[in-house]
1. Taking the beta-carbon count within 10 Å as an exposure proxy, list B:159, B:142 from fewest neighbours to most.
2. With the Cα gyration tensor of region A:2-86 in hand, convert its eigenvalues to equivalent ellipsoid semi-axes via √(5λ) and list them largest first in whole Å.
3. Considering only C-alpha atoms, what is the centroid distance from region B:1-54 to region A:112-170, in Å?
4. Calculated from DSSP H runs of 4 or more alone, at -39500 (n - 2.57) each and per residue, what is the 222 nm mean residue ellipticity of chain A, nearest 500?
5. Considering every residue in A:156-163, what mean count of other chain Cβ atoms within 10 Å of its Cβ is obtained?
6. Kindly state, to the nearest 0.05, the FRET efficiency for residue B:40 paired with residue A:14, given R0 = 41 Å and r defined as their beta-carbon distance.
7. Between rounded, prolate and oblate, where does region A:107-180 land on the alpha carbon gyration tensor, with a ≥ b ≥ c its root eigenvalues, rounded for a/c under 1.5, else prolate if a/b exceeds b/c?
8. Count, for each residue of B:150-157, the Cβ atoms from other chains sitting within 10 Å of its Cβ, then give me the mean as a whole number.
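Rule-based calculations on the coordinates, nothing more; no lab input. Bear in mind the structure is a predicted one, so any value in this text is a computation, not a measurement. Every residue, glycine as well, gets a Cβ built from its backbone with ideal geometry; the counts of neighbours run over all protein chains shown.
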């Protein structure tokens, strides 16, 4: 990352080759569209090149920093796309199609991730709705109102589910010594 | 309200990092982030926690054009970048056509600024503004159709400024003329409404992909839909410049 900040193109390409597949996966989960996910990936790496000097290794790992850039851009893109769909007559339904190419749903992605970092047993204390709410927020970039609508629950309940999921995630990670 | 109380800050930071914070609350918190290092560290801690949730996301290999496009955007010779955002437009125009192009653009901007509702452009506070705008003139140079679409949109809205006669059994087709490349048919226009009315239709791809290098649009009146690769007709009922506003 420090080489990228020094405008080293070779280092930049190495960073891209090493991380782009994982980052595209993150963007794709939110956008459910490969073309748009690739656009977001490209925009994100434009940011990386232009703002690598602002990366602070004392604050975040490089991958966390990259995931954050990609995820924020994907969330912005999916929300601006929703604005456009809401303001036009003819709708395409790409944004509504939440089935992934590999068939993995948010809940399954959450399960996979928790197993990989070995906190699945700890997180199993959450009920299915709490897990689902957390998964929709993270993997789909949904806000509370979207989650409430998706899970057919009152807004306050959806907020409580997400809150409970986050509390549990924090305590499980701390118990596993994975994060402060 | 003291946002820096540890428990309150942690709650705000996680909402922000997760992406569930929106609107004014988000803007207020972003201001706090700029001014208060503890807020930045609280967000960073949650981002680190959330990164473990990405561990199970299957990788997807991006297509090679993502990297080549990135290289092109970042590392193309400075000469191109220094030429200004509208230089590509001037490249399209010969001295002879410069005057008519300017007239079309000025008229287009006047229409957009004075009556945004006329072309279906909502106020910026409500929706994204149109990016691509084409003002199509008839053979007498009279503005007939105003077309616009959002930068990453797949919808094109066509506003009828004066009647365009499409005989029964025929259809009106929109063509795009890229700066470097063969003209291509964009879409068959839907049945056009009355003057001052608009109609929208779905584009085959995002505007940015279709029109990024397009300097001119035209409408032909044809017997049957064109197939990909078909040559454009010899004559067009309407023709005009396509401008990227932002």
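1. Lowest to highest Cβ neighbour count: B:142, B:159.
2. Three semi-axes, in Å: 25, 13, 11.
3. Cα centroid to Cα centroid, the span is 18 Å.
4. My calculation for chain A gives -22500 deg cm²/dmol from helical runs alone.
5. Working: counts 0, 0, 1, 2, 0, 0, 4, 4.
Counting Cβ atoms of other protein chains within 10 Å of each residue's Cβ and averaging gives 1.
6. With R0 = 41 Å, the Cβ-Cβ based efficiency is 0.90.
7. Numbers: a/c = 2.23, a/b = 1.83, b/c = 1.22.
Prolate shape, in that a/c is at least 1.5 and a/b is the bigger ratio.
8. Working: counts 6, 2, 6, 7, 8, 8, 2, 2.
Partner-chain Cβ atoms within 10 Å, mean over residues of B:150-157: 5.
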